[in-house]
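Working notes, beginning with the structure itself.
The values are calculated or read from the model by the stated rules, or taken from the named source; none is laboratory data. Owing to the predicted nature of the structure, the values given are computational and were not obtained by experimental measurement. Cβ sites come from the backbone with ideal geometry, for glycine too, and all protein chains shown count toward neighbours. Quick note on the areas: whole protein, heavy atoms, side chains included, nothing else; ligands and nucleic acids left out. Shrake-Rupley method; radii C 1.70, N 1.55, O 1.52, S 1.80 Å.
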Amino acid sequence: MATNPPIIDCLLKYLLFFSNLLFTVLGLVVLALGLWGLINKESFAQEKIGQISTDPMLVFVMLGLVLSTLCLSGCVGALRENCCLLQVFSATVLVLVAAQVLAAIVAFSLQGQIEGYLRSGMLAAMVRYQDDLDLRFITDEIQIGLQCCGADNYRDWEVNMYYNCSAPGVLSCGVPATCCVDPLENGTVWNSQCGVGSQQLDEFSAQSVIFLGGCLGGMSRWIEQHTGLIGAVGMVLLGVQIITLFITTRLMDNIQCSKDTR
């Protein structure tokens, strides 16, 4: 004879449903943001479709698609008490937990090499600064947020063909405006030419015009200052996923038990 499930099991069921519903909506928002970015940049145009695999907005599309699909399976599985969907959901969450733990171990063991990877990545972004809007946006945000210029120092902008001192044009031997200490002319108008000729200046003269320090040092200092917060957020996210696994496992056990008593 079937028995009514305890109130705690009903609460866990609807907690799993509503939490997954929330993350499904979040995943759809991320997916929509990624698609909007691709459409807005005309990445689906015939002449650009070949480069879409390297478009950063594709990361948002894939992340949103995976998150919304995964959480939707957990949402429907909890509401309909469908063991198949719940098994897929729990297995995927378990894989994600294992991947995050493995990534943390690898990052800790390779922490000496991470700076080299970051330097290579930033220099590559600086090379393509004028030709890739996404990389320009990311580089500008880093330089503004950390008040830095270049990877190691402001002269790193020599790697860019437009800012190289041998290049023709007004940008020659300069740096982007986001390197400037005060990029606003008269305090209101953005002065895109404020970094012109900065690479020709010695450090004493340049320090009143642009930020001398590179962004790698700024990133290292930011991470050191926020290590506790980063660790706490990581542990909370990992804890939420483990609790979700526990709730899903208990719900599947209850579904199986209820079938056995019928």
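Here is how the numbers come out for the structure above:
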read-out: Options 128, 119, 155: the member that is of a type in the set (Lys, Arg) and free of Cβ contacts under 8 Å to residues at least 40 places away in the same chain; value: 128
read-out: Total residues in segment 124-142, condition open to solvent by 90 Å² or more (accessible area, probe 1.4 Å) and charged (D, E, K, R); value: 3
read-out: Among residues of segment 143-201, those that are surrounded by 21 or more Cβ atoms within 10 Å (Cβ to Cβ), assigned to a helix (DSSP H, G or I) and more than 28 Å from the chain's Cα centre (by Cα), counted; value: 2
read-out: Matching residues in segment 202-225 - criterion: being among the small types (Gly, Ala, Ser) and part of a loop (DSSP other than H, G, I, E, B); value: 208, 214
read-out: Scan of segment 105-123 for residues that are of a type in the set (A, V, I, L, M, F, W, C) and either out of contact with any helix residue (DSSP H, G or I) (no Cβ under 8 Å at 6 or more places or on another chain) or open to solvent by 60 Å² or more (accessible area, probe 1.4 Å) (or both), ordered by number; value: 105, 106, 108, 110, 114, 118
read-out: Residue among 160, 164 that is among the polar types (S, T, N, Q) and touching a Cys at 6+ places or on another chain (Cβ under 9 Å); value: 164
read-out: For residue 235: the one exception among (1) in contact (Cβ under 8 Å) with a residue 24 or more places away in the chain; (2) assigned to a helix (DSSP H, G or I); value: (1)
read-out: Within segment 207-229, tally of residues that are within 16 Å of residue 145 (Cβ to Cβ) and open to solvent by less than 90 Å² (accessible area, probe 1.4 Å); value: 12
read-out: Segment 29-48: number of residues that are at pLDDT below 65 and of a type outside the set (S, T, N, Q); value: 4
